[in-house]
Amino acid sequence: MSEAHVTETPDGAPSNDVLIQIIGMHKWYGSFHVLKDINLTVRRGERIVVCGPSGSGKSTMIRCINRLEEHQRGKVIVEGIELSNDLKKIDEVRREVGMVFQQFNLFPHLTVLENCTLGPIWVRKLPKVEAEEIAMRYLERVKIPEQAAKYPGQLSGGQQQRVAIARSLCMSPNVMLFDEPTSALDPEMIKEVLDVMIGLAEDGMTMLVVSHEMGFARRVADRVIFMDEGEIIEQNEPHAFFENPQSDRTKLFLSQILNH
Amino acid sequence: MADATYQPGQHPDLPPPPSTTGVVGWVRNNLLSSPLNIFLTVVSGLLVYFVATSVYEWGFANADFSGASRQDCTSGGACWALINVRFGQFIYGFYPEAQRWRVNLAFVGLVVALWPLLFDNVPARKQLLWYAGAYPIIAFVLLLGGFGLESVETAKFGGFLLTMVIGVTGIAVSLPLGIVLALGRRSDMLFIRTICIGFIEFIRGVPLITLLFVASTLLSFFLPPGTTFNLLLRVLIMVTLFSSAYLAEVVRGGLQAIPVGQREAAESLGLGYWRTMYLIILPQALKISIPGIVNSFIGLFKDTTLVAIIGLLDPLGIGRAALADTKWQGLSSEVYVFVAVLFFIFSFGMSRYSLYLEKKLEVGHAS
């Protein structure tokens, strides 16, 4: 059944339902083959969790979707735009694709509010007042409107990550990429970030999440993808994925992260 | 006095012991904390006392401030009369005396132009910034003439006026140039990167004085005969290029200190290269580089004295001319002390401003 997602649009013609399509993508770092023949179709509203051992290429894969990494073979098509060296197209894609990083990457010299209004003002060309309204709306949504005037360095890790999520949302992206959003957080702060992400999922946001939070995957994912050594080994809906993993590598991985 | 005990979870916040706070605490901690510290405090105190009193006696108490020649200095201390007589030259060089008000006005104009650039809470800052942008043109006309003002040749520029012209122009032009070079050196484009590296390494590998000699002599060989290419302009170009190469390296150090995630986050918002640099990377990189940048500026400011070697009369050049005057034979300390004090005032001012700026830009702790 995992094959079903991949083969839906075989000729690469994006239907309106398909948001991201990766076809036969390869990537090398020098001579090291990091991504091997990746095929992935993400439909609008779909929530996908990607897991796998460290160094398996999961982060690299999602970073190829907004071209923070360049792929060397195959196609990556986002909202009907194929990523190439065309800078204009790259910026067009990046406008529609939000990204949340493991290390938050907030801009430390700007206040929380300025972090959130930067994109809308400079990229979407919104007037400042309007951008600030939007920013406050999303800061309320991630439950820290009262921190708007502070600088990122004055916030806890969990608060910073929630600001980072709000900053992405302010661009009204069609899809959100999360690159291990809770890995750098203290245990007590993981929940506040996951709660925000669950809320997003419930509102129908298309999400691609690299994470080892299996509870989160069970709860919100439509599909869980397991990667190892640059390949997609297995993908399935969460119940089947966790209860009945097919490949030995998946079983080994799950036993290592679930039984400690 | 026994300490009170508290139940777990009930411990209140107590004030620190009195001996660690206030003036007494400060003196105790910083001056008298150990026998060695006490010894050093006493020795340095005596040293400061002797230096201060002898400087005072030489420079003020036993000094002569007026007179027409060395013979008028009879008190045994410093002979400031020389500086007094030559003061106009030290400041304006050979700028025509009747026109010196223009230099003064340009200087006042410079202060007004710097005010909104250096500080935030300035009334009508926006208008003043427009003025600051136009200031180079205003200063150009004021100093050189035009629009009804009598024209003055740059060969007449000298003294501290020359220092300011070279220093301020060098600083104002070399900073943007240095930033562009630093960005170019980190560019993905091989051609741009190679040019920037080549330029920076060449300029840094050559002493400034040789560049100045090139400016004063060699360039005339390359230029078609008969072209007059102002010496001061040539010096300005060389000084600026020299300083920009150093600044480029200072700024590059700052750029390298910015985590790559900053750029990724900015670009993933759809800000392109230039806006990412302008809005995100440079503000942070320049902030880190402030000490190095100001260091370069101070270096540039003091290096302007090298132009004395190619015959421009900066304060040191004027000073040497003054010392060569037979009426003042035998003096030397006074001139150099005076020039040193002049430079110190400006260099120290820059240094203090950079500290102020660092404090102002401190926001939480970067993470």
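Values in this text are rule-based calculations from the coordinates and carry no lab data. Keep in mind the model is a prediction, meaning the values are calculated, not measured. Cβ: placed from backbone, ideal geometry, glycine included. Neighbour counts: every protein chain shown.
Brief remarks follow.
- Across segment B:97-151, the relative contact order, built from alpha-carbon pairs under 8 Å that are at least six residues apart, equals 37 percent.
- For segment B:97-151, convex hull volume per residue from C-alpha positions, Å³: 74
- Across peptide A:159-171, the average count of Cβ atoms from other chains found within 10 Å of a residue's Cβ is 1.
- Relative contact order, percent, chain B [alpha-carbon distance under 8 Å, six or more residues apart]: 16
- For segment A:110-199, the pair-distance distribution built from all alpha carbon pairs, in bins 10 Å wide starting at 0, is 18, 51, 28, 3 percent.
- Distance (nanometres) between label positions extended 7 Å along Cα→Cβ at residue A:252 and residue B:134: 7.5
- Residue by residue along B:154-160, Cβ atoms of other protein chains within 10 Å of the local Cβ number 0 on average.
- Pairwise Cα inverse-distance average, inverted: Kirkwood Rh of chain B (Å): 25.0
- Summary of packing: across the peptides B:258-267, B:14-23, A:55-64, the per-residue average of other C-beta atoms within 10 Å ranks them, highest first, as A:55-64, B:258-267, B:14-23.
- Ratio Rg/Rh [Cα only; Rh per Kirkwood] for the protein assembly as shown: 1.11
- Given their separation in residues at 0.36 nm each and the Cα-Cα distance between them, residue B:119 and residue B:325 gain 69.7 nm when the chain is fully extended.
- Gyration tensor over alpha-carbon atoms, segment B:222-321, equivalent ellipsoid semi-axes in Å: 39, 18, 8
- Residue ranges A:36-44, B:51-59, A:226-234, A:69-77 sort as A:226-234, A:36-44, A:69-77, B:51-59 when ordered by packing (mean number of other C-beta atoms within 10 Å per residue, highest first).
- Rounded to whole Å, the principal axis extents of the Cα atoms in segment A:146-208 read 31, 26, 18, largest first.
- Shape call, segment A:100-163: gyration tensor on alpha carbons, a/c limit 1.5: prolate
- Legend: calculated FRET efficiency, residue B:26 to residue B:202, from the Cβ-Cβ distance at R0 = 35 Å, rounded to 0.05, equals 0.10.
- Between residue B:214 and residue B:55, the modelled label-to-label distance comes to 4.0 nm, taking each label 7 Å out from Cα in the direction of the beta carbon.
- For peptide A:117-126, the mean count of partner chain Cβ atoms within 10 Å of a residue's Cβ comes to 3.
- Kirkwood-based Rg to Rh ratio, chain A, C-alpha trace: 0.96
- Peptides A:173-186, B:235-248, ordered by how many other C-beta atoms sit within 10 Å of their residues on average, highest first, read B:235-248, A:173-186.
- Sites residue A:54 and residue B:352, calculated FRET efficiency, Cβ-Cβ separation with R0 35 Å, nearest 0.05: 0.10
- Chain A: Lys pairs at Cα distance under 15 angstrom, eight or more positions apart or on different chains: 7
- Placing +1 on the Cβ of every Lys and Arg and -1 on the Cβ of every Asp and Glu, with no other charges, gives chain A a dipole of roughly 500 debye about its Cα centre.
- Label-reachable residues, segment B:52-83, where backbone N falls under 12 Å from a point 7 Å from residue B:344's Cα toward its Cβ: B:52, B:55-56, B:59
- Helices in the protein assembly as shown, meaning DSSP H runs of at least 4 residues, each add -39500 (n - 2.57). Divided by all residues, the mean residue ellipticity at 222 nm is -17000 deg cm²/dmol.
- Any cysteine of chain B lacking a neighbouring Cys Cβ under 4.7 Å - listed by number: B:196
- Under the span-like rule (Cα at least 20 Å along the axis, Kyte-Doolittle mean at least 1.0), DSSP H helices of chain B: B:35-56, B:100-118, B:125-144, B:159-185, B:190-204, B:231-257
- Where only C-alpha atoms are counted, convex hull volume of segment B:144-292 per residue in Å³: 168
- Projected area, mean over directions - segment B:52-120, Cα convex hull, nm²: 7.3
- Rg and Dmax of segment A:197-260, based on Cα coordinates, read 12.1, 35 Å.
- Global dimensions of segment B:178-232 from alpha-carbon coordinates: Rg and Dmax equal 14.9, 43 Å.
- Relative contact order, whole percent, for segment B:123-270 stands at 30, derived from Cα pairs under 8 Å and 6 or more residues apart.
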